[in-house]
Structure formats: C-alpha cells, structure tokens
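Trainee: Here it is: the structure, laid out below.
The values are calculated or read from the model by the stated rules, or taken from the named source; none is laboratory data. Model, not experiment: these values are computed from the prediction. Backbone-built Cβ (ideal geometry, glycine too); neighbour counts: all protein chains shown.
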Amino acid sequence: MAVVESIKLCHSFQAPLEVDAAGINNSVTAYASGLPLEPRPELLGYNSGLLCIIIAMMLIVIFNIHQYSRFMKTLFNDMWSMRRRSTLFDERTVNETRIIGALIVQLCVCESILLLAAMPLLGLYVPLDRAAVVAGAFIGVTIGYYFLQVAAYKVIGYVFAEPEQADQLLGGFNSSQTLLGFCLLLPAMAVLFYPASAVALLCTSILLYLCARIIFIYKGFRIFYHNFSTLLYFILYLCTVEIIPALLVFNGIFSLCRILIS
C-alpha cells in the first residue's frame, strides 16, 4: 500500500536518469527539462500592414480586369507586333487603360516587396514593425519611376518617330511591364514566408526583369533603327534612359530605406 501511495506522489521531474554508486537512480531525465527556447522567426508575411497592402493590390486587380484571355492576347500582340493601328476599333479603350493601370500597381507592389526582401542581403535590416512603411515608400518610388519612363518614351517617340511608332513604343513598354507584374507575383508572395529562399527568388526576379527589358529594347530597336548611323543614337538611348536612371533609382531606394529605419 505504501508503494502505491509513493507512486501516486511521484512527479515527472523526479524521474531517474543516472545510477549512483549505491545503484539508485536519483537524477532528472532530459525530457523533464524540456526543449530550449528559440525565438520565433520574424517573417515579412507576419506584418499586418504589409498584408493589407497586398490584399488592396489584389482587390484592385480583381475588380478591374475583365475578359482575361482576350486582354492577355492583346498584351502579347502589343509587346511583339509592329502592326499599325489603322481603324478605330484597334485603339485602346478606357477599360483596357484601367486594366493596365491596375496591373502596373501590381507590378510596383511586387517590385517593392522584392526590394524590401533584398535590403537584409545588402546590410540593411528592416524592423518588422516598419516593414509596411518602408514598402509603402518603395511603392511610391516605383510608381514615380514608371511615370518618368512613360514621359521619357513619349518624348523620344515624339522627337525620333512617327505618331504610330510612338504609340507602338509606349504600348510595348506597358505590355512588357504588365506581363512582368504577373511573373513577379509568385516570387514576391513566396519571399514573404520563405526568407531562406530569398537569394534564389531575387535572382529569378532579376532575370525576369532583364528579360522584359530586353524584349522591350528589341522592339524599340526595330522601331528606330534605319541605318548604321542611328546605332549611335540607340546606344546613347540605352545609357541615358535604360541604364543610368535604373541605377540612380536603386541607389535612391537604398538611401531612402536607410533613412526610414534610422
């Protein structure tokens, strides 16, 4: 009876682990101490403000895109085709312009998320509670950069090409950017919850960005190249419009992030 009562009074922390010199087990087992505490990883996907931005982006796209398959076919045609718009029915409608605007917002949000995920790799660690503020600032910069590019291509088309060719250049730019937004959506969403794969996702995103740029530059080359002398102007265009502004914007984003987290 006494043995039964002693068993009832035993606790897990009194369980034996080792045998002493007298042959009695009197130490505590390892499982009674539990596992060591580990800090919970801070993922960008845990930030409620950043998730609100993503949800708002998706709602904008969902409520504005209609006739998805037909619109995607139009985007591919604008990105590659050199056909002139000869009839009224070939002109872009207000609904298509609204869809492109929504997809450009998607592109800017995805680019901002990827830039935010790239900051720790560049030595800037953004606190989780300030991730939404930094992402919002990045979105503003990327939207501003998009409008600067549109203005630059309109000026280039007005000076160096006919009105139809200028429309083709701008249409090719918008098509390449909206399709890039679709391609960057998956890496941007994945990097929120899988930071260990950030390097691979960012490298993939950079390759997609370069592919979109190369396709657009190739269309611009087809529009503006007439003889060997125009090749010099095209090289100047690449330096002044495609390369230097992108580097300046990236340096500005890096400096802006440093200011916001300081």
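Trainee: Determine which single condition ALA212 fails, assuming it passes every other condition in (1) over 16 Å from the mean Cα position of the chain (by Cα); (2) buried (at least 18 other Cβ atoms within 10 Å of the Cβ).
Mentor: Going through the list (1) over 16 Å from the mean Cα position of the chain (by Cα); (2) buried (at least 18 other Cβ atoms within 10 Å of the Cβ), ALA212 breaks only (1).
Trainee: Of everything in the range 207-237, what is without any contact (Cβ under 8 Å) to a residue 24 or more places away in the chain and in contact with a helix residue (DSSP H, G or I) (Cβ under 7 Å, 6 or more places away or on another chain)? Give them in sequence order. Don't jump to the end; show me each part of the working.
Mentor: Our first condition is that a residue be without any contact (Cβ under 8 Å) to a residue 24 or more places away in the chain; within the range 207-237, this holds for 207, 210-211, 214, 218, 221, 225-232, 234-236.
Hits for the range 207-237 are PHE221, TYR225, THR230, PHE234.
Trainee: Regarding TYR218, is this residue in a helix (DSSP H, G or I), surrounded by 15 or more Cβ atoms within 10 Å (Cβ to Cβ) and aromatic (Phe, Trp, Tyr)?
Mentor: no
Trainee: Oh, and also: Working only within the range 110-141, note down all residues that are of a type outside the set (A, V, I, L, M) and surrounded by fewer than 20 Cβ atoms within 10 Å (Cβ to Cβ). Even if it seems obvious, please write down each step before you answer.
Mentor: Step one: filter the range 110-141 for residues of a type outside the set (A, V, I, L, M), giving 110-112, 120, 123, 125, 127, 129-130, 136, 138, 140.
Correct list: PRO120, GLY123, TYR125, PRO127, ASP129, ARG130, GLY136, GLY140.
Trainee: Could you say which residue among ALA137, ALA152, ALA118 is closer than 27 Å to VAL241 by Cβ, in contact with a Pro (Cβ under 9 Å, 6 or more places away or on another chain) and either touching a residue at least 60 places away in the same chain (Cβ under 8 Å) or among the charged types (D, E, K, R) (or both)? Working first, answer last.
Mentor: Details: ALA137 fails: in contact with a Pro (Cβ under 9 Å, 6 or more places away or on another chain); ALA118 fails: in contact with a Pro (Cβ under 9 Å, 6 or more places away or on another chain).
The match here is ALA152.
Trainee: State whether the residues of the range 161-174 include one that is in a loop (DSSP other than H, G, I, E, B), buried (at least 16 other Cβ atoms within 10 Å of the Cβ) and of a type in the set (A, V, I, L, M, F, W, C).
Mentor: Within the range 161-174, the subset in a loop (DSSP other than H, G, I, E, B) is 161-162.
Next, only the ones that are buried (at least 16 other Cβ atoms within 10 Å of the Cβ) stay: 161.
Now narrow it down to the ones that are of a type in the set (A, V, I, L, M, F, W, C): 161.
So far as the range 161-174 goes, yes, one or more of its residues are in a loop (DSSP other than H, G, I, E, B), buried (at least 16 other Cβ atoms within 10 Å of the Cβ) and of a type in the set (A, V, I, L, M, F, W, C).
Trainee: Over 24 Å from ALA131 (Cβ atoms), in a helix (DSSP H, G or I) and at pLDDT 90 or above - does that describe any residue in the range 191-210?
Mentor: Step one: of the range 191-210, the residues over 24 Å from ALA131 (Cβ atoms) are 207, 210.
Cutting the leftovers down to in a helix (DSSP H, G or I) gives us 207, 210.
Retained after the next criterion (residues that are at pLDDT 90 or above): 207, 210.
Yes, the range 191-210 has at least one match.
Trainee: Looking at (1) touching a helix residue (DSSP H, G or I) at 6+ places or on another chain (Cβ under 7 Å); (2) over 15 Å from VAL109 (Cβ atoms); (3) among the aromatic types (Phe, Trp, Tyr), which is the one condition that is false for TYR145?
Mentor: Here TYR145 clears every test but (2).
Trainee: Limited to the range 179-207, what total is found for residues that are surrounded by fewer than 17 Cβ atoms within 10 Å (Cβ to Cβ) and within 24 Å of ASP78 (Cα to Cα)?
Mentor: Going through the range 179-207 one residue at a time, the tally reaches 4.
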